[in-house]
Structure formats: structure tokens, C-alpha cells
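Let me begin by presenting the structure, written as C-alpha cells, before commenting on it.
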Amino acid sequence: MRGVLLTGALIALIPLVLVIFYLLQKGLSSWSGSFFTTDPNGNFFGNPGGIRSAILGTLEIVALASLIAVPVGIGVALYLTEYGGEGRFAGVVRYFVDVMTGVPSIVFGLFIYIVLVLAKVGGAFTGWKGAVALSLLMLPIVIRAAEVVLLLVPSSLREAALALGAPRWRVVARVVLPTALPGLVTGSLLAIARGMGETAPLLFTTAGAFGLTFNLSQQMNALPLQIYNDILSPRDVVVARAWGAALTLVALVLILNLVARAIARRSVA
Amino acid sequence: MNKEKKVRTSRVSAIAALLLASLGIAACGSSSSSSSSSGAPAPSSGGSSSSGSGGSGGSATLNGAGSTLAALIYQQWGSTLKSQGLTVNFNPVGSGAGIADLQTATVQFAGSDPALKSSDTAKMKGPALQFPVAFGAITASYNLSGVKSGLKLDGPTLVNIFMGKIKSWNDPAIKALNPGISLPSTSITVIHRSDSSGTTKGFTTFLSDVSPTWKSQVGADKTVKWPTGTGAAKNSGVAAAIKQTSGAIGYVEQAYALENGFTYAAVKNSHGQYILPTIPNTSAAAVGIAVPKDLGISTINAGGATAYPIVSQTFLDVYKDPCKDGGASSSTASGLKKFLSYAFGAGQKTLGASSSQLPYAPLPTTLATQDNTQLQTMTCNGSPVS
Amino acid sequence: MGASATTAPGGRSVFQRSPASRLPDQVLKWGLRALAAAILALLAYFFIRLIGQSEKALSSFGLSFVFGNDWDVSRNIYHGFPLLFGTLVTSAIALVLGVPVAVASALYVTELCPRRLRGPLSVLVDLLAAVPSVVYGLWGVFVLAPKLEPIEKWVASTFSFIPFVGGQVSVPNYFIAGLILAIMILPIVSAISREVMATVPAEHKEAALALGATRWEMIRMAVLPYSRPGITGGVMLGLGRALGETIAVVLVIGNAPVVGHSIFSQGYSLAAVIANEFGEAAATPIHSSALFAAGLVLFVLTLIVNIFARRFIARGQRGLRGTGATGVTVAQAGAPE
């Protein structure tokens, strides 16, 4: 039995090793100082530039998307576990959220494209619209994962706190959330990792740009967009840049993962 | 409450620290590529405001979307024009999406391979102008051991290959066209595009032109129901599939094929000549063709005796009055005109067959002149654009 | 007698909470309710817009949009059964291949692996989620598909008596797409399963062990039943990813709008068709409407699957309550009054 489970765990790691190895093989060669400090320039010949604007764009857009999706997602999950219970309203919310997890990312992008971009709400293609599309994508994941985790908080803990006279909000804030924190962090990270790597929602909302900008009301660059653009190129050095960008994306998510886990671990103590 | 606050604030501050650190890296990095839009105010008027912000002293930001064939050209031109104060962004989402974006004026220009149809112009906010900009050949690239050059194919044979009627390379039909080449008995694997693409439309238009059977059974469009073969996504997918499969044949954009040293066939044109998809032969496809008043040309199976028969044109589409219909500011309109003048002028010199030029065929001078003439009709709120 | 000692000014008992201190509770309750309602409104609006955009295609083609077998763009005929078929086949393959491996690795990490390795091992499996889908697709098309082709050919010829296995092998096919999807859903299912398994109360496990169960029996008796709802939740999330995955599938499924005759044939999926064709369809109303309708079908498909899943979870929870495996309340219920 131990052998079977160990095999399972190892099988799970094989594709990881293969893919990461492949990524390193193709992407590491394009990493350099200038890779991270210059913007892509669109030149057909010579140095095609680095991916600085893509990295910063991704960080900015995903930060905004997370700022929307994570608190709102945890809030809705809290509602579902603490107050909603088995009620009709909660049931309907649950079904809608479940269904949303299966919607292809491109449909979210198209939805925002139709509702915000074509209607020209606050500009045409903008960075913040990309963030909204991503947050729509991330929201169901956060809600679903948070709900699973919050349900696991033993009711005995809740009841004990209530029996000690703590008001409901205190129970939530000081008992439920801290207990569920590692799981909440995991769920949020899953959603953020997903958000960082998605191309389709951004293609129709942020549209991409080569130059560096921090203005979310303009077209912005992002790593997935840069990868999508570069992979199309017939030039080997540009394709190599795409792989370098993909490697950067994985590295960013890994760093985020480690940092967030360290924080969660320390605060649970 | 303190612990959660601490947790939440420490998480937020960690993310904030990460952001600040990366911003710090950016600030210390080279500042040469700061775009003109970074400090520009967001579009002021709500509703119909355009995304092109006019900056100071002739600088403008132009956003475009559309054809993937032309993306490389516009990106290169964008890089060159940056030093002149023009920021050009191009989103290669496909000709259809580009036109849709222009129809809603979310971009200042669209790149489209096919000419505008009446259904397209009907939904535009105002009269639109289309300008042929460049040409790209569609090569019939293949992977056949021992046959590195000299393969000749004609329209009907290509039709039969892509219909699955000719299944192996030593089929009599192919042999008849290539008497001097020893063809192996490898079976043919057809590779076609799986995603919607103007390249497919160009190729299938050629096949429909030379074969009424193809026209009625399959048709010509950006996506068709292929009678046989494997689908691969995008040029890179088709290129990879051809490389990996011995005996494969597929249609690949010229820029791709030339850059990656592909083996392609010489195709018979309407004058009976077998022509290779070189840049000069591609430009020849535009010589002597009928040019409609709206410049909506088509270069499939067209041109002179040296013309390669499968050539796709690509257009730049803009509003005739970008200010009135597209919500652009006057400086954006000037920037647009500057971009277009460059496109038919100095930009044309960046396209060609030499090793320092982009592998696309430039416009013949007559067409460039016609483009420029049409450009002068562009107005901003009624008055000519400066 | 103790009335004065336990009566606060105003006549209420000190054990009763003051109205003022109830305020944060009310704020929280109604705040969260409003939030959930707002999200529901947003999702409903999304759904309504989706229906609105699909209306044209659905009214033109009716039910043959879902069950007809002819997706022909150049003729503007959109009958999407091949797409639905491909989505179902690839997602099924993804679940069959991915879920056992994910649950096994989660079990290993939480129950069997040395404490020190637990953290690094979980981070590694979660790293699978960090890889962007386009990278999976490209790796699939450049590395996995060509390498697996000979094996697929062998399987197809050796096991051709099994329906749906024999026949011609195409390089991009349902199986490769399903395999890539399995890899993509692995981290989701594994991470959530891990979280769930880590919270199995120690008393359950110790009770099983104290009764003389072996490690595996303990897992089967205490860990798995307790975790079943949570694991199912994780599997549903993974399934959602599999159903909706676009870019990776586009690169490895072959994108042929046909109903493949074996798992090694090319096919198409609902999500892939939207990604492939929207760029060019945007200016053709019936085509773009058909693509939105494909998204709608996916929406409905996910709904149906989730209804079954929730029913499965509910049955499991009822079973748990029956066996009394719900923690302290059992002991309390059994305590003498």
C-alpha cells in the first residue's frame, strides 16, 4: 500500500520534472540582465528586447485582480458556510459558483469585451478591464476552495467559542478564519497562479502593448500576452524570449507560493 | 482581532513589498523605453473617448488589432516610429476581431487580410478606408526525404492532395509534373490550420479558383471543413507538424517559411509558369491587377507571368474621419496619418528580399501612389488632417 | 434573589448582550449576505448576457446545435456535437488519469511521507499549477505527442478489439489532450485533497488504529470517508478546469470538427473552438453567436455535472452522520445525562 501511494506521488512529479526541465532548456538561455530590464521593442532584426513591461504589467494586473477576487471570494464562502447553510439562496449561489468554475477563460474575456470594452466604459482596452476579467476567472476558484476549507473547521471549535460568550463576528474573525488560514492561502494561491498564466481573458480586454506603463487605464503588457505574441514569431530569438517569459512566469508563481506559505505558517504559529 | 489584522496586513504588505521591489528594479533599469503613455492623463471624456491619448509635441499612441500575417510588420514599424514620438501597439487577434474592434472604435486601425465586405462596412460608425499595405505569399511547404528542391505542383494536383485523392508522393499525377525527380512512395500527410486564419482563406481561395469541385465541396473561408489531414494551431504549429512528419505537406506563410529555411514547391500560376514563392515573385502578383475604387484588391491567382499564384494581400483599415467617427483627438488623427504615410513611404523600404528587410513583398509603386492619394482624403471633423 | 447582581442598568440580565454589541454581528451577517447577493447578481448577469449573445445561433439551429454533427464555418452551419463529444471524452480521460494520481499523492504526503519532506513535496506538486497553460500545450505538441505516438500505435493495434481503441492513430488526439488535462488538474485536486486530509481529526485515526487497524485500513476507515466531500469538491474544481481549458487543448487535440472513432483520433472541444475561431468570427454575427452558444453549452454541462456531484456529496455526508463520524458531538451524545 505504501508502495502504491508512493508510486502515485512520484507519477505526479514526473510531468512536473519533464515540463520544468523542458522550460529550463528552452527558456534559461534568454535570461540575462537586460532580459528583465528592457522592454520588447518589436524589432525584426537584432535585439528584440526583454520582457520588463510584461513582468510589471502582469504583477500589476494580477495584484488588482487578486485584491478583488480574494477578499470577495472568502467573504462569499464565509457567507455560505456561516449563514447560508442549506438555504435556497445559498444553494443557488453554490450552483452558480460551481458552474462558473467550468467556464473557459476566454468566455470571461469575451464577456468583459462585450460589456466593458465594446461599450467603451472608461476607455477602450485597458489594464483594469483585464484585471476584472481575471478576477471573474479567479472568483469561483477562491469561493469553492475556501468553502471546502471553511467547512472543515470543526463545529466544536465554533460552539466552544460561542459557549464562551463570543459574538458571531468574533468567532469568525478569531476562530474560523485563523483555523482555516493555511487552506485559504492555498486556495487563493491556486486562483492567483491560474490568473497569472491566463492569456485569453487578457487578449480581448487589455490587448497588450510593448512599452512600459503603470497606467491601468491604458493598454498594458502582460507575460501571457507576450508569450502568445512571441510564440507566433518565425524568429528563433523571439521564440526563445517566449520561453524565457514562460520560465519567468513559473518562477514568479513559485516565489509567490513560498512567500505566502511562509507568512501563513508564521501567523498560525 | 489583532492577529487577523496582523495576518492580513502582513500578507498585504508582503505583496506590496514584492510590487515595490519590482518597481524599484524597473526604475533602476534602462529608461529608454518609457512610453509616451505612462504619464499621460487617462482619456478625459467618458463614453466615446478613444484610447489614443495625444501627448505633447506631436506624440501619439495608436492602438491597432487584427491580422497575424501583418503583425510582424506593424511591430517593426512601431519600433522604428517610436523615436519619432509615435507609439504603435498592435494586438494580433485575427482579421475578424480587428475589424470588429474598428467597428466599435476601440482601436484606431485594423489590420485585415481580406478586403472589407459590405457587411463589414455596414456596421462601421462611418465611412472606412482600406489601404493595401504589403503582400505575403502562402507556400506549399513539405517534408520529403531526398527531395530538397525543384518540386513542381499545380492547382489541380494540390486540390487532389488536400482532398485526399492523391495519397502518396509517387502518385502518377505528381510524377507527371516532376519527371526529373525520383519520388519515394511515402504516404502524404496533409497538415492544415486548425485555427481560423486569413492564411487558410487565401489558400482555399486559390484552391476554389482552380477547382469547381473544391469550391462546391469545401469552399473558401478562414475555417473550412477539411476533407483530410491533421490540424495544427497557427503557423508555428503547422511548421512544427511538417518538420516532425515525413511526407507531410502543408501551407505556411512566406515569412515563416523563409525565416526557417523550409522546403516549398513551385506552383503553377495562371500563365502556366511554375513559380517559387520568392519576394519578387510575390510582388509580381500585384502588378497589373484590377484595382477597385475602394482599393479592395485580391491577389490570388493574379498578376503577371512571373507572379506566384498564392499571394495574400493585407490591408490597413481606418475611419475616413477618425475624429468624428472614431473619437480620436486631432493629434491622434495626425499620428494616424503619419503612420499611414510611413506605411506607404519609407516603411515600404523595410520590406523585401534582402537580409536586412522583412520577408514580405512591398507594394508596386502604382499602388503606393493610389494609397497616398486616398490618404489625403482623410479628415478630422471635416477638415483635412495635418 | 440574585436579580440585582445579574441585572444591568435598563433591566436586562447581564448575560444578555446589549443591542450595541449586537451591531457588528448584524453588520457582518447582512454585509456578507449583500456580498453573496451581489456576486449572484453578477453571475446571473453574466449568464443572461451569454444567453443573449447565443440567441441568434440557438434560434437558427435549435437542438441540432447540440446534437447535430456538422460544424461547417464556410457554410455558416453550426451543429456542435463533435465539440461536445470532444469535451466529454477529454475531460473523462483527464479525470480517470488524474484523480487517482492526485488523491494517491495527497494521501502519501499527509499520511505516509516523512515529516520533513511534507512541505517541499506539496510545494512541488503545487508547482504544476504555476505552469501557464500555453506551456503545457506547447510541451504537449512538441514533446509528449511525438514521443507517445509509437506507444499509441502499439496500443491501438494490440487492443483493437476494444471499441474506441483500435484504428488510425493521429499525432494530436483526444488521449494526448486528456493526458495534458490530467496533468493540469493534478495540482488542484491534490492540493485540496491534501488540505482536507490534513484536517481529519486525530481521534478518528487513533480510534481506528486503537481498534487494531493497519495503516491502510485506518486510511480507508477514517481518512477517506471524512475527506470524501472535500475531495469531491476538489475533483469538481479540477473537472471545471478540464472542461474549460482552452489553449492547451487547442494545441494538442487536432481541432477537427468530427466525432473521432477512437481515443487516438483528432477531435475538437467546445472551449477550443471558441479560442480558435473567435478572432475571425468577431465580425460575422452568426458565427460569433455560435461560439457564445458553445460557451453556453459548456455552462449547462458544468451545471449538470455539479448537480450530480453535490448529490453524491450529500449522500456521503448523510452516511457519515449515520456512522457518527462527526467528532465531538458523538461523545457528547453518548454521555450520560
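The values are calculated or read from the model by the stated rules, or taken from the named source; none is laboratory data. Everything numeric here is computed off the predicted structure, so don't read it as measured data. All Cβ positions, even for glycine, are placed from backbone atoms using ideal geometry, and neighbour counts span all protein chains on display. Keep in mind that these areas ignore ligands, DNA and RNA; they rest on the heavy atoms of the full protein, side chains included. Shrake-Rupley method; radii C 1.70, N 1.55, O 1.52, S 1.80 Å.
Given in Å, the Rg to one decimal and the Dmax to the nearest whole number for the Cα atoms of region A:73-161 are 16.5, 53. The largest accessible area among C:Glu195, A:Glu159, C:Glu277 belongs to the first residue in A:Glu159, C:Glu195, C:Glu277, and the rest follow in falling order (1.4 Å probe, all chains). Solvent-accessible surface of region C:35-140, averaged per residue with a 1.4 angstrom probe and all protein chains in place: 37 square angstrom.
Please compute the Kirkwood hydrodynamic radius over region B:263-308, one decimal place, Å, based on all pairs of different Cα atoms.
10.8 Å
Take B:His271: with every protein chain present and a 1.4 Å probe, its accessible area is about 100 Å². Working from the Cα coordinates of region B:54-110, the gyration tensor eigenvalues give, after taking √(5λ), semi-axes of 21, 14, 5 Å in decreasing order.
For a paramagnetic label modelled on B:Asn372 (point 7 Å from Cα along Cα→Cβ), amide N atoms under 16 Å away belong, within region B:321-347, to B:337-347. Let me check against my output: what whole-number percent is the relative contact order of chain C, with C-alpha pairs under 8 Å and at least 6 apart? Normalised by residue count, the contact order of chain C is 24 percent. Once the Cβ-Cβ distance of C:Ser59 and B:Lys215 is raised to the sixth power relative to R0 = 25 Å, the FRET efficiency obtained is 0.25. Taking θ as phi - 60° and the Karplus parameters 6.51, -1.76 and 1.60, the scalar couplings of region A:238-250 work out to 6, 4, 4, 5, 4, 5, x, 5, 4, 4, 4, 4, 4 Hz in sequence order, x denoting glycine and proline. Restricting the calculation to Cα atoms, every distinct pair contributes to the Kirkwood radius of region C:54-195, found to be 17.8 Å.
How large is the translational diffusion coefficient of region A:1-118 in µm² per second when you combine the Kirkwood radius over alpha carbon pairs with Stokes-Einstein at 25 °C and 0.890 mPa s? If you can, show how the numbers build up before the last one.
On the way: Rh = 19.5 Å.
Translational diffusion coefficient: 126 µm²/s.
The mean of 1/r over all pairs of different alpha-carbon atoms in the protein assembly as shown, once inverted, gives a Kirkwood hydrodynamic radius of 29.9 Å.
Excluding ligands, DNA and RNA and using a 1.4 Å probe, chains B and A jointly bury around 4600 Å² of accessible surface, summed across both partners. Just to confirm my numbers, what's the Cα centroid distance between region A:68-108 and region A:22-43 in Å? Going from one Cα centre to the other spans 39 Å.
Working note: Karplus 6.51/-1.76/1.60 with θ = phi - 60° gives region B:70-87 the couplings 8, 4, 4, 5, 5, 5, 5, 4, x, 5, 5, 6, 4, 5, 9, x, 9, 9 Hz, where Gly and Pro are set to x. Placing a pseudo-label 7 Å from each Cα along the Cα-to-Cβ vector at A:Val259 and C:Leu224 gives an inter-label distance of 4.1 nm. When the Gaussian network model of chain A links Cα atoms closer than 10 Å, the mean-square fluctuations of A:Gln226, A:Gln218, A:Gln25 top out at A:Gln25.
Residues considered: C:Ala156, C:Ala272, C:Ala20. Largest GNM mean-square fluctuation over chain C, using C-alpha springs under 10 Å, is found at C:Ala20.
Once you've got the Cα coordinates, tell me which of B:Lys243/C:Lys153; B:Lys117/B:Lys201; B:Lys148/B:Lys222; B:Lys117/B:Lys293; B:Lys222/C:Lys56; A:Lys120/B:Lys324 are over 24 Å apart. With Cα atoms farther than 24 Å apart: B:Lys148/B:Lys222.
Only the Cβ atoms of Lys and Arg (+1) and of Asp and Glu (-1) were treated as charged; on that basis the dipole of the protein assembly as shown about its Cα centre amounts to roughly 2120 debye.
To put it simply, the accessible area of region A:113-180 at a 1.4 Å probe is 67 percent carbon and sulfur. Work out the P(r) tail for region A:1-59: percent of alpha carbon pairs separated by more than 19 Å, whole number. Tail of P(r) above 19 Å: 55 percent of Cα pairs. Translational diffusion of chain C, estimated by Stokes-Einstein from the Kirkwood radius over alpha carbon pairs at 20 °C in a medium of 1.002 mPa s, is 90 µm² per second.
Accessible surface area normalised per residue over region B:134-266 is 32 Å², counting heavy atoms of protein chains with a 1.4 Å rolling probe.
Just tell me the longest site-free run in chain C, where the sites are chymotrypsin sites (Phe, Trp or Tyr not before Pro) in a DSSP loop having at most 14 other beta-carbon atoms within 10 Å.
Looking at chain C, C:165-337 is the longest stretch - no exposed chymotrypsin sites (Phe, Trp or Tyr not before Pro) with at most 14 other Cβ atoms within 10 Å.
Grouping the Cα pair distances of region B:232-379 into 5 Å bins from zero gives a pair-distance distribution of 2, 9, 15, 17, 17, 14, 11, 8, 5, 2, 1, 0 percent in increasing distance order. For region A:88-231, the residue among A:Phe89, A:Leu189, A:Tyr228 whose Cα projects farthest onto the positive side of the dipole built from Cβ charges is A:Phe89.
Working note: Cα gyration tensor of region A:86-230, eigenvalues times five, square-rooted, sorted largest first, giving semi-axes of 37, 16, 14 Å.
These residues, C:Met236, A:Met1, C:Met197, go from largest to smallest accessible area, 1.4 Å probe, as A:Met1, C:Met236, C:Met197. In the elastic network of chain C, a GNM with C-alpha springs shorter than 10 Å, the most mobile of C:Val66, C:Val189, C:Val27 is C:Val27.
Other protein chain C-beta atoms within 10 Å of residue C-beta, averaged over C:20-27: 3.
What's the long-distance tail for region C:71-154, i.e. % of Cα pairs beyond 23 Å?
50 percent
With viscosity 1.306 mPa s and temperature 10 °C, the Kirkwood radius over alpha carbon pairs of region B:118-187 converts through Stokes-Einstein to a diffusion coefficient of 103 µm²/s. Peptide A:234-240 shows a mean partner chain C-beta count of 4 within 10 Å per residue C-beta. The alpha carbon radius of gyration of region C:208-316, expressed as a multiple of 2.2 N^0.38 Å, is 1.55. Remark: accessible area buried at the A-C interface is about 7400 Å², both chains counted, probe radius 1.4 Å. Carbon-plus-sulfur accessible fraction, region C:84-182 (probe radius 1.4 Å, protein heavy atoms only): 75%.
In terms of overall dimensions, region B:185-317 has a Cα radius of gyration and Dmax of 14.9, 50 angstrom. In terms of Cα atoms, the Rg and Dmax of chain A work out to 21.2, 73 Å. In this simple spin-label approximation, B:Ala353 and B:Thr379 carry label points 7 Å from Cα along the Cα→Cβ vector, and these lie 4.4 nm apart.
Give the separation of the Cα centroids, region C:96-158 to region B:92-113, in Å. Between the Cα centre of region C:96-158 and that of region B:92-113, the gap is 40 Å. Sorted from longest to shortest, the spans of the Cα atoms of region B:69-168 along the three principal axes equal 52, 37, 19 Å.
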